[in-house]
Amino acid sequence: MSSAEGISGSDGSQQQQQKQQQRMVLLLDMDCFFCQVHAKEDPSLEGIPVVVQQHGDIIAVDYQAREMGVTKHMNPNEARRLVAEHGVGRVVHAFEEQGKVSYRKYLDASTSIHKLLIQISIDRFGSTTVCEKASIDEFFVDLSEAWWSQHEVAGVSYHEFADTAATSLTKALIQHIGYKSSTGVACCKILAKAAASRAKPNGHLVVGGSISLQEMLWSTPVSAAPGCGYKSLLLPKLKAIGIQKLSELATKSVDQLQKQLGISAQLARQLHDFGLGVDPRPVLESPAPTRVSVHMSLGPELRGVTSNPFTSGERCQPKLEQMAKDLVVRVEQHLKEFQEWPSQLTLGACLNKQALKSTSGGYPERREDGAAVVLYIDLVVENAIGLLKKLMEKEATLIGNNNNKKRETCLLYTSPSPRDS
């Protein structure tokens, strides 16, 4: 069966469908990734239900804990009660460094997975394989060239090659670094992602093999379309015009989608194509991020009823110090992964719903000995505080009336570049 069988659309969409028949995109989605990282760090968690709490929120729940009734965003006290009732499992806190939640261990694990996938994919399927890190726990692999060469030489079918590749990669992750994942394989990114979600936990699904393209489109919620997630402004508009499933996007013309949703013709065309299972987005090698940043929404303790929080250095400084230390951790992680180091530090602030105001200064060079590392961290903190004072002097509009109903944010970031060896 062709991966595009049974659907129809405009001439442009049909041409895209024909091109997609030559593509094989695989998505590896790590199962309960945060829970797995904690179990790797703490062997006493291995084999028991694991729930991860960050501040007052439950951010990750493994499958055993879900069977006990624990859900994401549940009250942590309720999660602990359910775990205690079953007499097995633990609610653990997200990792912390210097008294603040740190994603360093999650990012380290993600980097290890990505590097292993690149190595194994090329070793087993050839140098034409491309691996893209889509998120901290999702990885696309383009096997199109590898499959097509096997098909031409040995007559290997799409489903046979996809099944072999999915099994090979998921087993390699378990064997080499102990992480379980679910895998979806399809002719494009959107369908591969939907298939991986449906294959959970620890399974794999090939669209056009064990499930038809039409069935996948009919059964996938429209929230799976890029830009239509649960936090998007587009999702309630789609539901208001009766679109619940991915396939239903194709029941509307491009003009209808554009007018009824109030979106551009380009976006309407893209959504319509998603409804047909057409997604030409390529799998790309993951580039280094252009910015390493930390962001903070200023809490009530920094908000004055009649004064701007940035006018009070002694109130803002502790938060800014913590932001600077958090940025240092992320810059170190970036150096480890991409061998890049920043030369500039920028502080931005947005108050009273105004445009972001920013000012920049130098970012200190890292020295390797332990005492100097402490000094380097202190220098980043000192430079960040200096930027705050500079910004206050530079932007008089930041100083003014402020109240608790306004949203204030502070952003501290760098733009790393390749480091001289």
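The values are calculated or read from the model by the stated rules, or taken from the named source; none is laboratory data. Quick caveat: nothing in here was measured; it's all calculated off a predicted structure. When we count neighbours, we look across all protein chains shown, and the Cβ atoms used for this are built from the backbone with ideal geometry, even at glycine. Ligands, DNA and RNA are stripped out before the accessible areas are found, and what is left, the full protein with its side chains, is counted by its heavy atoms. Shrake-Rupley method; radii C 1.70, N 1.55, O 1.52, S 1.80 Å.
When G99, G89 are checked against the criterion of being open to solvent by less than 60 Å² (accessible area, probe 1.4 Å) and on the phi > 0 side of the Ramachandran plot, G89 stands alone in meeting it.
If you go through the range 173-216 and keep only what is closer than 16 Å to D273 by Cβ and surrounded by fewer than 16 Cβ atoms within 10 Å (Cβ to Cβ), you end up with just Q214. Does S293 satisfy the criteria of being hydroxyl-bearing (S, T, Y), closer than 30 Å to A109 by Cβ and at pLDDT below 70? When the stated conditions are applied, S293 does not pass them.
Filtering the range 108-145 to residues that are surrounded by 21 or more Cβ atoms within 10 Å (Cβ to Cβ) and free of Cβ contacts under 8 Å to residues at least 24 places away in the same chain leaves only T129.
So in the range 217-229, with the set limited to residues that are open to solvent by less than 40 Å² (accessible area, probe 1.4 Å) and of a type in the set (G, A, S), which one is nearest to G184 (Cα to Cα)?
Initial filter on the range 217-229 (open to solvent by less than 40 Å² (accessible area, probe 1.4 Å)): 217, 220, 222-225, 228-229.
From what is left, the residues that are of a type in the set (G, A, S) are 223-225, 229.
Numbers: S223: 17, A224: 14, A225: 16, G229: 19 Å.
The residue in question is A224.
What's the number of the only condition in (1) under 24 Å from L117 (Cα atoms); (2) touching a strand residue (DSSP E or B) at 6+ places or on another chain (Cβ under 6 Å); (3) among the hydroxyl-bearing types (S, T, Y) that S197 fails to meet? With respect to (1) under 24 Å from L117 (Cα atoms); (2) touching a strand residue (DSSP E or B) at 6+ places or on another chain (Cβ under 6 Å); (3) among the hydroxyl-bearing types (S, T, Y), S197 is out only on (2). R90 falls short on exactly one of the conditions (1) under 22 Å from the mean Cα position of the chain (by Cα); (2) modelled with pLDDT of 95 or more, and that condition is (1). Residue count for the range 37-50 under the criterion of being touching a helix residue (DSSP H, G or I) at 6+ places or on another chain (Cβ under 8 Å) and in a helix (DSSP H, G or I): the result is 6. Residues in the range 100-135 that are part of a helix (DSSP H, G or I), touching a Ser or Thr at 6+ places or on another chain (Cβ under 9 Å) and closer than 20 Å to M24 by Cα: H114, I118, I120, S121, I122, R124, F125.
Among Q64, Q53, which is the only one that is of a type in the set (S, T, N, Q), assigned to a helix (DSSP H, G or I) and surrounded by 15 or more Cβ atoms within 10 Å (Cβ to Cβ)? Don't jump to the end; show me each part of the working.
On the way: Q53 fails: assigned to a helix (DSSP H, G or I).
Residue meeting the stated conditions: Q64.
A Cβ distance below 6 Å, combined with a sequence gap of six or more or placement on separate chains, defines the contacts here; from the range 206-217, residues that are over 21 Å from T167 (Cβ atoms) reach residues that are part of a helix (DSSP H, G or I) in the pairs L217/L246; L217/S247.
Give the residues of the range 334-377 that are modelled with pLDDT under 70, closer than 14 Å to L412 by Cα and open to solvent by less than 40 Å² (accessible area, probe 1.4 Å), sorted by residue number.
Kept after step one, since they are modelled with pLDDT under 70, are these residues of the range 334-377: 350-356, 367-374.
Among the residues that remain, those that are also closer than 14 Å to L412 by Cα are: 350, 356.
Selection gives C350 alone.
Only one entry in Y158, Y103 is over 22 Å from E41 (Cβ atoms) and hydroxyl-bearing (S, T, Y), namely Y158. So, T164, is that one among the polar types (S, T, N, Q), open to solvent by 10 Å² or more (accessible area, probe 1.4 Å), in a helix (DSSP H, G or I) and touching a Ser or Thr at 6+ places or on another chain (Cβ under 6 Å) or not? When the stated conditions are applied, T164 does not pass them. Scanning the range 230-266 for residues that are surrounded by 13 or more Cβ atoms within 10 Å (Cβ to Cβ), under 22 Å from the mean Cα position of the chain (by Cα) and not hydroxyl-bearing (S, T, Y) gives L234, L235, L246.
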